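Before any comments, here is the structure.
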Amino acid sequence: MKTKVKELRSDANMTQQQLADLVHVSSRTIISIEKGQYNPSLMLAYRIAEVFGVSVEELCCLKENKELEDKKQNGIF
C-alpha cells in the first residue's frame, strides 16, 4: 500500500528514528512502511497521521489505493 509517510516525514525534517520514537515502533517498521513492504495497523496509521496533522485517509492515500485495487479486481491492471 502506498502511503505519504516518507514525504511527510521528509517535509518535517524528521528522521525515521524520530518518527518511530514518537509512535512507539522501531525504525525498521517506519522503513518498511515507507518502502510499501508493510501496511500499518489502523492504530499506528492514526498515530502517524496525528504526528503530521493529517487524516488517516490522506496519510494512507486511501482513495488512490482503492482505485488501484479496483482496477486490479476488474482486470484492467
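The values are calculated or read from the model by the stated rules, or taken from the named source; none is laboratory data. All values derive from a computational prediction rather than experimental measurement. All Cβ positions, even for glycine, are placed from backbone atoms using ideal geometry, and neighbour counts span all protein chains on display. These accessible areas exclude ligands, DNA and RNA; they are computed on the full protein's heavy atoms, side chains included. Shrake-Rupley method; radii C 1.70, N 1.55, O 1.52, S 1.80 Å.
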## Note on the structure
Residues of the stretch 49-67 being free of Cβ contacts under 8 Å to residues at least 60 places away in the same chain, part of a helix (DSSP H, G or I) and either of a type in the set (A, V, I, L, M) or open to solvent by 60 Å² or more (accessible area, probe 1.4 Å) (or both), in sequence order, are Ala49, Glu50, Val51, Val56, Glu57, Glu58, Leu59, Leu62, Lys63, Lys66, Glu67
## Note on the structure
Filtering the stretch 22-36 for residues that are in contact with a helix residue (DSSP H, G or I) (Cβ under 8 Å, 6 or more places away or on another chain), in a loop (DSSP other than H, G, I, E, B) and open to solvent by 70 Å² or more (accessible area, probe 1.4 Å) leaves a count of 1
### Task
Of the conditions (1) under 10 Å from the mean Cα position of the chain (by Cα); (2) surrounded by 14 or more Cβ atoms within 10 Å (Cβ to Cβ); (3) assigned to a helix (DSSP H, G or I), Leu19 clears all except one; give me its number.
(1)
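Name the single residue, out of those in the stretch 1-16 being within 24 Å of Glu69 (Cβ to Cβ) and at pLDDT 95 or above, that is surrounded by the most Cβ atoms within 10 Å (Cβ to Cβ). Talk me through it step by step, then tell me what you get.
First, pick out the residues of the stretch 1-16 that are within 24 Å of Glu69 (Cβ to Cβ): 1-8.
Going one step further and asking which of them are at pLDDT 95 or above, we end up with 3-8.
On the way: Thr3: 22, Lys4: 18, Val5: 24, Lys6: 16, Glu7: 12, Leu8: 19.
Per the stated criteria, the residue is Val5.
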